[in-house]
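Novice: Sharing a structure with you now.
The values are calculated or read from the model by the stated rules, or taken from the named source; none is laboratory data. Keep in mind that what you see is a predicted model, and the values were worked out from it rather than measured. Here the Cβ positions follow ideal geometry from the backbone for every residue, glycine too, while neighbour counts run over all protein chains shown.
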Amino acid sequence: MRMTFDRRALTLLQALALLGAIGVAGYLAYQKATNGIPPCTAGGGCALALYSPWGYLAGIPLAYIGTTAAAVLLLATPWRLMELRAVSLVLFLIGAIFTIYLRYVEQAHFGGNVCAWCVAFMAFWWIAGACELLRLVRTPLAADAEPA
């Protein structure tokens, strides 16, 4: 059984979620670049996450990687080419797996402290990824048949 979803609504929601992810990751990247401390009223683990040894991948701060990945996926969002949609979904899945790993790191090494900014990025990422998946597997509506 295939589900029916409005492509335009999914595309818009995905773009909005990616803009949210860029905003969060971009703010953290700015804090990282200026050696700032992000405010963390809920959870208390924001500075721990930003400056921990797990806050890097191959020497690159995760905030920079998250900002770049979300921006690249945002640029790919409007395109309807099925191969590009499939590649985007794979990138979302890689990012989703990485967010799960980082939540584990947070729980295992930060004494139960949670980075609220990281959780917000994760939520935006997962919403955008779910939209990508639905766009890929959905049954087109009659309105989708008209050119964009």
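Novice: Condition (residue is assigned to a loop (DSSP other than H, G, I, E, B) and either touching a residue at least 40 places away in the same chain (Cβ under 8 Å) or touching a helix residue (DSSP H, G or I) at 6+ places or on another chain (Cβ under 9 Å) (or both)) applied to region 4-25: is it met by at least one residue?
Specialist: yes
Novice: Answer with yes or no whether Glu83 is assigned to a helix (DSSP H, G or I), among the charged types (D, E, K, R) and crowded, with 19+ Cβ neighbours inside 10 Å.
Specialist: Judged against the criteria, Glu83 is not a match.
Novice: Taking Tyr64 as meeting all but one of (1) modelled with pLDDT of 90 or more; (2) under 24 Å from Leu133 (Cα atoms); (3) hydroxyl-bearing (Ser, Thr, Tyr), write down the number of the exception.
Specialist: (2)
Novice: (1) touching a strand residue (DSSP E or B) at 6+ places or on another chain (Cβ under 8 Å); (2) assigned to a helix (DSSP H, G or I): which one isn't true of Ala42, the others all being true?
Specialist: The one condition Ala42 does not meet is (2).
Novice: Out of all the residues in region 28-39, which are over 14 Å from the mean Cα position of the chain (by Cα), surrounded by 12 or more Cβ atoms within 10 Å (Cβ to Cβ) and part of a helix (DSSP H, G or I)?
Specialist: Answer for region 28-39, where residues must be over 14 Å from the mean Cα position of the chain (by Cα), surrounded by 12 or more Cβ atoms within 10 Å (Cβ to Cβ) and part of a helix (DSSP H, G or I): Ala29, Tyr30, Gln31, Lys32.
Novice: Only one of these conditions is not met by Thr77: (1) surrounded by fewer than 18 Cβ atoms within 10 Å (Cβ to Cβ); (2) in contact (Cβ under 8 Å) with a residue 60 or more places away in the chain. Which number is it?
Specialist: Here Thr77 meets the rest and fails (1).
Novice: Show the residue pairs that are 6+ apart or on different chains and have beta-carbon atoms under 8 Å apart, the first residue being within region 90-106 and free of Cβ contacts under 8 Å to residues at least 24 places away in the same chain, the second being part of a helix (DSSP H, G or I) and of a type in the set (Gly, Ala, Ser).
Specialist: What qualifies is Leu91/Ala69.
Novice: Looking at (1) farther than 30 Å from Arg8 by Cα; (2) surrounded by fewer than 16 Cβ atoms within 10 Å (Cβ to Cβ), which is the one condition that is false for Ala123?
Specialist: With (1) farther than 30 Å from Arg8 by Cα; (2) surrounded by fewer than 16 Cβ atoms within 10 Å (Cβ to Cβ) applied to Ala123, the lone miss is (1).
Novice: Quick check, is Leu136 over 12 Å from the mean Cα position of the chain (by Cα) and more than 28 Å from Ala47 (Cβ to Cβ)?
Specialist: yes
Novice: Name the pairs whose Cβ atoms lie under 7 Å apart, with the first residue in region 38-58 and over 12 Å from Trp117 (Cβ atoms) and touching a residue at least 60 places away in the same chain (Cβ under 8 Å), the second exposed (fewer than 14 other Cβ atoms within 10 Å of the Cβ) and not small (Gly, Ala, Ser), and 6 or more positions between them or separate chains?
Specialist: Partner pairs satisfying both residue conditions: none exist.
Novice: If a residue must be modelled with pLDDT of 95 or more and either among the β-branched types (Val, Ile, Thr) or outside any helix (DSSP H, G or I) (or both), how many such residues does region 118-132 contain?
Specialist: Going through region 118-132 one residue at a time, the tally reaches 1.
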